[in-house]
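The values are calculated or read from the model by the stated rules, or taken from the named source; none is laboratory data. Since we're looking at a predicted model, the values are computed, not measured. A quick note on method: Cβ atoms are made from the backbone with ideal geometry, for glycine too, and the neighbour counts reach across all protein chains shown. Keep in mind that these areas ignore ligands, DNA and RNA; they rest on the heavy atoms of the full protein, side chains included. Shrake-Rupley method; radii C 1.70, N 1.55, O 1.52, S 1.80 Å.
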Amino acid sequence: MVEQQRLRVVMADDHARIRAKVRQALEVGGWEVCGEGATAAEAVELALKHRPDVVLLDINMPGNGISAAQEISRTLPETAVVMLTQSADDEDLFDSLRAGATGYLLKTTDPLTLTDVLRGVLAGEAAMSPALVTRILQEFKAPARRVLNWKPAAVAKLSAREWEVMELLATGLSTEDVANKLFVSPTTVRVHVSAVLRKLRVKDRESAFRMLRE
């Protein structure tokens, strides 16, 4: 009987203890961990060197895991990219998917189930923590918001999340209300607003709203 080829994975996380725990679970499950890194740059380098079946990435590591996901997805389209992170932030989730990740798992995921989940990814399944699946469904089911009649020139300057923040604020919601609705912190909302004001070269929100309206 011919022995089945072991599936190969590169993983990157700046916490050595987490890497050791995940590595143990993967090896017990029959995977070969062909590379470990602690930064986004190392993740890309190892992926290009080993061309594994899967790359498992943390987000909050030096260089940012989402940047690594984008580079690996672009250069190695045959390699599946899966995020394994503590962040349940919607922005990290959607940015990861836009970067090419085919899975987004929280570090609360049982390590013993990880090998089967990753095999599912290679079989064409999406790897997603259940709570995050609900978030995605809510995002697509939410009615389109069109409080502002956007000027094309202004739209081009803003990211999708900045657009969403401004649309919600234009309905009269407070910063805290917007933060709760988007599952982010009030500080994150303020950062987005500051970015909008800077990009539009205005001093306050009302001036931004006026510029964004037809």
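See the values below:
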item	result
Test for Pro152: is it closer than 22 Å to Asp90 by Cα, surrounded by fewer than 11 Cβ atoms within 10 Å (Cβ to Cβ) and either of a type outside the set (A, V, I, L, M, F, W, C) or modelled with pLDDT of 85 or more (or both)	no
Residue tally, condition modelled with pLDDT of 90 or more, part of a loop (DSSP other than H, G, I, E, B) and crowded, with 17+ Cβ neighbours inside 10 Å, over the stretch 80-91	0
The listed residue being under 19 Å from Glu27 (Cα atoms) and either open to solvent by 50 Å² or more (accessible area, probe 1.4 Å) or not in a helix (DSSP H, G or I) (or both), out of Thr109, Thr115	Thr109
Filter result for Ala99 (closer than 30 Å to Val184 by Cβ and in contact with a Gly (Cβ under 8 Å, 6 or more places away or on another chain))	no
Some residue of the stretch 18-28 being over 21 Å from the mean Cα position of the chain (by Cα), of a type outside the set (Ser, Thr, Tyr), open to solvent by less than 10 Å² (accessible area, probe 1.4 Å) and within 21 Å of Asp116 (Cα to Cα)	yes
Among the candidates Glu206, Glu164, residue that is of a type in the set (Asp, Glu), open to solvent by 10 Å² or more (accessible area, probe 1.4 Å), within 27 Å of Ser87 (Cβ to Cβ) and in a helix (DSSP H, G or I)	Glu164
Count of residues meeting criterion [of a type in the set (Asp, Glu), more than 14 Å from Asp13 (Cβ to Cβ) and outside any helix (DSSP H, G or I)] in the stretch 42-79	2
Test for Val10: is it of a type outside the set (D, E, K, R), crowded, with 17+ Cβ neighbours inside 10 Å, in a helix (DSSP H, G or I) and more than 16 Å from the chain's Cα centre (by Cα)	no
Residues that are open to solvent by 50 Å² or more (accessible area, probe 1.4 Å) and either out of contact with any helix residue (DSSP H, G or I) (no Cβ under 8 Å at 6 or more places or on another chain) or under 16 Å from Gly35 (Cβ atoms) (or both), drawn from the stretch 57-74	Asn60, Gly63, Gln70, Glu71, Arg74
Glu27 over 30 Å from Asn180 (Cβ atoms) and either in contact (Cβ under 8 Å) with a residue 24 or more places away in the chain or not in a helix (DSSP H, G or I) (or both)	no
Of the criteria (1) open to solvent by 30 Å² or more (accessible area, probe 1.4 Å); (2) within 18 Å of Leu114 (Cβ to Cβ); (3) hydrophobic (A, V, I, L, M, F, W, C), which one Ala43 fails	(1)
Per-region count, the stretch 118-127, residues of a type outside the set (Gly, Ala, Ser), open to solvent by 40 Å² or more (accessible area, probe 1.4 Å) and in contact with a strand residue (DSSP E or B) (Cβ under 8 Å, 6 or more places away or on another chain)	1
Residue within the stretch 92-106 that is surrounded by fewer than 16 Cβ atoms within 10 Å (Cβ to Cβ), in a helix (DSSP H, G or I), modelled with pLDDT of 85 or more and touching a helix residue (DSSP H, G or I) at 6+ places or on another chain (Cβ under 9 Å) present	no
